[in-house]
């Protein structure tokens, strides 16, 4: 069953066509890779899907409903969350506090109630903290729960960024370069975590430049160049696609 569908999605910035008439269907339960050279339009496409920018034309269909132009907050509440190329952390807070704060944004308990600790807030806090710890455990970083986020190694910061996105209980998670800057061991561990997330019921759409990671993890891959879709298929099909090869290596 399709969870996300893009229909003729386009975005123009003046004379620059960043995303050009993209059609895309993501099936529930899959790990889809989105690849392409720098400047091919991948991050812009993520921004369109998640509501950070509005399309010039086309539609974003979420579980059969048109969410085109909805705010990022509204889209996240519907079950679609994302990470960013540059990890957005509260760097002076601990890893656990980062995820707890993210959880509070998606519960009935407001931030003022959190800080003032009035009424039934303590019990709610315990419930949120348990949820945050479970997320940290799922990402393999529960052992650094008390460490300051800004002082964590790069790989842990990337994992924490995903943990923050998971606080909204997404049905579809958009991962923007989840293993950038990681060594091979960290990359392997992260991709295994991503597979486990999918197995737990989270559909994944990921942008990544590490082709070994993409080919070894994604069941299907969509390739872009100059804002257009230039190929789509199984990893072995994409690896032999002439347009994809040319986009990366030149004619």
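Values in this text are rule-based calculations from the coordinates and carry no lab data. Treat the numbers as computed from the prediction; the structure is a model and nothing was measured. Cβ sites come from the backbone with ideal geometry, for glycine too, and all protein chains shown count toward neighbours.
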Starting with the fewest neighbours, write out 61, 238, 67 ranked by other beta-carbon atoms found within 10 Å of each beta-carbon.
61, 67, 238
Percent antiparallel among DSSP beta bridges with both residues in the chain, to the nearest 5?
55 percent
Taking a crude spin-label model, label points 7 Å out from Cα along the C-beta direction, the residue 226 to residue 243 distance in nm is 1.1 nm
Where the centre of each part is set by its Cα atoms, how far does region 1-79 sit from region 125-183, in angstrom?
24 Å
Over the chain: helical MRE at 222 nm, DSSP H runs n ≥ 4 each giving -39500 (n - 2.57), nearest 500
-11000 deg cm²/dmol
Which of 42, 220, 57 moves the most in a Gaussian network model of the chain with Cα springs under 10 Å?
57
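What list do you get for 59, 70 if you sort them by fewest beta carbons within 10 Å? Kindly include the intermediate steps, with their values, before the conclusion.
Numbers: 59 14, 70 19.
Going from least to most buried by this count: 59, 70.
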Would you mind getting me the FRET efficiency between residue 93 and residue 134? Use the beta-carbon distance for r and R0 = 25 Å, nearest 0.05.
0.85
For the residues 156, 248, what sequence is obtained by ranking on other C-beta atoms within 10 Å, fewest first?
248, 156
